[in-house]
Amino acid sequence: MELLRAVAHALAAAGSMTWEITWALILGFFLSSAVQAVVRKSEVTRLMPDGSPKSLAIATGLGAASSSCSYAAVALARSLFRKGANFTAAMAFEIASTNLVIEMGIILALLMGWQFTLAEFVGGPLMIVFVAVLFRLFVRGRLLNAARGQAERGVAGSMEGHAAMDMSIPAEGSLWRRLRSPGAFTAVSHIFVMEWAAVIRDIVLGLLIAGAFMAWVPESSLRVFFFAGHPLAAAVWGPLVGPALAVISFVCSIGNIPLAAVLWNGGISFGGVVSFIFADLIIIPILLIYRKYYGTAMAFRLFGLFYVTMAAAGYATELIFQPLGLVPSEHAARITEPGIHWNYTTWLNIVFLLLSAALLVRFVRSGGLPMLTMMGGSPDTTPDRAEHDQPAQTVRGAGPAAEQHSAHHDHSPVRPGS
């Protein structure tokens, strides 16, 4: 009976957090989908030819606009690298695609405060600068050539199909005109649903882990572990241990924000929260993907350099924010609110759940369900085959505009007669 009460407590906490952030997630993914609908991935590769500050700045901006779950971002970075993008620029795109995205910023503001949202958009670019410097020193020559050779072998990962898809609409006219075109709603619906399919596992896992942490781990124990009563020790320890906690949590992308809120309430330092959030790209499953994509030597190098830059970004952000009075004095993240009340959260959830329903209906009616098979990255749906072997097909049920949209895909998983 005691065990059942403990499980119920954890599930209730996870459910409350889910209700608090639902509308923000939907809004973030909708805005991201709209951006991706007007930006083609082939153009992204062309704009990232080298490791110059200009290419890195473009990679960062495009990555932030093309928000993805961590697995999809890693697969997309490899795809860009194979198509000719500079390796450092591809990694900058990968970092920005998971850590500089609007939905993460909204949820950070809701759960933890606007200071953490600001920290995301200050610390993220700093991390990319640190990565660029360290890659120039430690990622070059034989190591880089070996990584490129491994990347060219065509090994398909679990998110390769999703990463290789280009569902943008034809690049004709202004961005506003393209978004108002008849095929835009279909394109946005496809990107929206595919992004949710890619990230839902991480979000659910993160909420469950955060709920369990909040219900089962006493805050007093966390405060001891994080040296909460010793400001200097906490500031030194937090950014060092933050990435390590992320590595073993197996939670990435937006899914680690609820857990970050629990850790903040438990006493981890401001910089520790920043480094923990940025460490979604070195969790164990992704490290194994790096090994498969780029080889063992590069996987170890990426782990070490990313760990250092994530910790450094945490330290730097706290050093910048502390003198400016931007570090919250109270460790009081707003994680849950018991029950459901008729407040702004409920009304916003209703509005955005209706928007989600409309996008989902459009996705299904326009033949989107077969596209989900691409998410598995099976040998028959690797990017190479998809790009070179499959003709573009019509997106069913969407009318002439959707047919035009489909014809401009890099590939489509819908085969003739399906």
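The values are calculated or read from the model by the stated rules, or taken from the named source; none is laboratory data. As the structure is a computational prediction, the values presented were derived from the model and not from experiment. Neighbour counts run over all protein chains shown; Cβ positions are idealised from the backbone, glycine included. For the accessible areas, the whole protein counts, side chains as well, though only heavy atoms, and no ligand, DNA or RNA atoms are used. Shrake-Rupley method; radii C 1.70, N 1.55, O 1.52, S 1.80 Å.
Just a few scattered comments:
- So ASN256, is it open to solvent by 10 Å² or more (accessible area, probe 1.4 Å) and in contact (Cβ under 8 Å) with a residue 24 or more places away in the chain: no
- Residue check, THR98 more than 11 Å from the chain's Cα centre (by Cα), crowded, with 20+ Cβ neighbours inside 10 Å and in contact (Cβ under 8 Å) with a residue 40 or more places away in the chain: no
- Test: residue in region 291-298 that is surrounded by fewer than 22 Cβ atoms within 10 Å (Cβ to Cβ), under 21 Å from MET104 (Cβ atoms) and of a type outside the set (Asp, Glu): no
- Among residues of region 214-227 that are in contact (Cβ under 8 Å) with a residue 24 or more places away in the chain and closer than 14 Å to LEU245 by Cβ, those with a Cβ under 7 angstrom from a residue that is of a type in the set (Phe, Trp, Tyr) and open to solvent by 60 Å² or more (accessible area, probe 1.4 Å), sequence gap 6+ or separate chain, pair up as PHE226/TRP237.
- Counting residues in region 235-255 that are at pLDDT below 90, small (Gly, Ala, Ser) and under 17 Å from LEU111 (Cα atoms) gives one or more.
Results for (1) without any contact (Cβ under 8 Å) to a residue 60 or more places away in the chain; (2) under 26 Å from LEU287 (Cβ atoms); (3) hydroxyl-bearing (Ser, Thr, Tyr), shown as yes or no for each residue.
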position	(1), (2), (3)
HIS9	no, no, no
ALA14	no, no, no
ALA37	no, no, no
ASP50	yes, no, no
CYS69	no, yes, no
PHE87	no, yes, no
PHE93	yes, yes, no
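- Exactly one residue out of GLY238, GLY211, GLY242, GLY229 is of a type outside the set (Lys, Arg) and open to solvent by 40 Å² or more (accessible area, probe 1.4 Å), and it is GLY229.
- Region 98-112 - residue that is assigned to a helix (DSSP H, G or I) and either among the β-branched types (Val, Ile, Thr) or in contact with a strand residue (DSSP E or B) (Cβ under 9 Å, 6 or more places away or on another chain) (or both) and, of those, farthest from TRP19 (Cα to Cα): THR98
- Unique residue being at pLDDT 80 or above, at negative phi and surrounded by fewer than 21 Cβ atoms within 10 Å (Cβ to Cβ) when the list is LEU11, LEU56: LEU11
- Checking LEU354 against (1) open to solvent by 80 Å² or more (accessible area, probe 1.4 Å); (2) outside any helix (DSSP H, G or I), the condition it does not meet: (2)
- Residue count for region 131-147 under the criterion of being free of Cβ contacts under 8 Å to residues at least 24 places away in the same chain, in a helix (DSSP H, G or I), more than 13 Å from THR309 (Cα to Cα) and open to solvent by 60 Å² or more (accessible area, probe 1.4 Å): the result is 3.
- Among the residues of this structure, GLY124 counts as one that is assigned to a helix (DSSP H, G or I), surrounded by 23 or more Cβ atoms within 10 Å (Cβ to Cβ) and of a type outside the set (Lys, Arg).
- Residue in region 327-340 that is touching a helix residue (DSSP H, G or I) at 6+ places or on another chain (Cβ under 8 Å) and assigned to a helix (DSSP H, G or I) present: no
- Residue check for TYR290: over 24 Å from LEU205 (Cβ atoms) and not in a loop (DSSP other than H, G, I, E, B): no
- Listed by position, the helices (runs of 4 or more DSSP H) enclosed by region 216-285 that each have at least 3 residues that are among the β-branched types (Val, Ile, Thr) are 231-249, 270-278.
- For ASP280, the conditions (1) open to solvent by 20 Å² or more (accessible area, probe 1.4 Å); (2) on the phi < 0 side of the Ramachandran plot all hold with the exception of (1).
- Being in contact (Cβ under 8 Å) with a residue 12 or more places away in the chain, farther than 30 Å from SER181 by Cα, open to solvent by less than 10 Å² (accessible area, probe 1.4 Å) and among the aromatic types (Phe, Trp, Tyr) is not true of PHE29.
- Within region 85-95, the set of residues being part of a helix (DSSP H, G or I) and open to solvent by less than 20 Å² (accessible area, probe 1.4 Å) comprises PHE87, ALA89, ALA90, MET91, ALA92, PHE93, GLU94, ILE95.
Per-residue answers, yes or no, for (1) open to solvent by less than 70 Å² (accessible area, probe 1.4 Å); (2) under 23 Å from the mean Cα position of the chain (by Cα); (3) modelled with pLDDT of 95 or more:
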| position | (1), (2), (3) |
| --- | --- |
| ALA119 | yes, yes, yes |
| VAL129 | no, yes, yes |
| GLN150 | yes, no, no |
| GLY154 | yes, no, no |
| GLU160 | yes, yes, no |
| PRO170 | yes, no, no |
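- Tallying residues that are modelled with pLDDT of 85 or more and either over 16 Å from SER16 (Cα atoms) or hydrophobic (A, V, I, L, M, F, W, C) (or both) within region 338-361 yields 14.
- Residue in region 64-84 that is in a helix (DSSP H, G or I), over 26 Å from GLY255 (Cα atoms) and open to solvent by less than 20 Å² (accessible area, probe 1.4 Å) present: yes
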